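Here's the structure we're looking at; comments come further down.
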Amino acid sequence: MHFAVICWDAAGSAERRRASLEAHRGYVDAHADALVVSGALLADEGGARIGQLFVLDVADREAAEAFVAADPLSLSGVFGDVVITPMAVKFLAGERLG
C-alpha cells in the first residue's frame with residue numbers, strides 16, 4: 001500500500017536537521033525497498049530545507065508511522081507536523097500504472 005508522508009520541520013530545528021542529516025541519509029538508504037520517492041522540501045526563497053516528503057510502499061499505516069518515527073530526523077526532534085495519508089499511485093517514472 002502506498003502512503004504520502006509530509007513531514008514539516010519544527011520551528012528552530014535547522015541545526016538539529018544539519019546534525020542529523022547523515023544519519024537520516026543512512027536510514028533512508030537502509031530502507032530503500034520501502035521508498036517510492038524521498039526528498040527534502042525546500043523554501044521558495046533561498047532553498048532552505050523546511051521538511052521531508054516520502055512516498056512509501058509499505059504494508060499498512062502502522063508501518064508508515066513506524067518508518068517516520070524511527071527516522072533520525074524524527075528522533076532528533078526535527079519533524080514538527082507529520083501528515084500520513086494513503087494514496088493511489090497512478091503514474092510512476094512517466095508511465096501510467098494500471
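The values are calculated or read from the model by the stated rules, or taken from the named source; none is laboratory data. Worth saying up front: this structure is predicted, and the values here are computed from it rather than measured. Virtual Cβ from ideal backbone geometry, glycine too; neighbours counted across all protein chains shown. Areas reflect the complete protein model, heavy atoms only, side chains present, ligands, DNA and RNA absent. Shrake-Rupley method; radii C 1.70, N 1.55, O 1.52, S 1.80 Å.
Annotation: Glu65 carries an accessible surface of approximately 90 Å², with a 1.4 Å probe and no ligand, DNA or RNA atoms counted. The P(r) of the chain has a tail past 23 Å containing 25 percent of all C-alpha pairs.
The trypsin sites (Lys or Arg not before Pro) of the chain that meet both conditions, a loop assignment by DSSP and at most 10 other Cβ atoms within 10 Å of the site Cβ, are Lys90. Taking the square roots of five times each eigenvalue of the Cα gyration tensor of the stretch 41-98, the equivalent ellipsoid has semi-axes of 24, 19, 8 Å, listed largest first.
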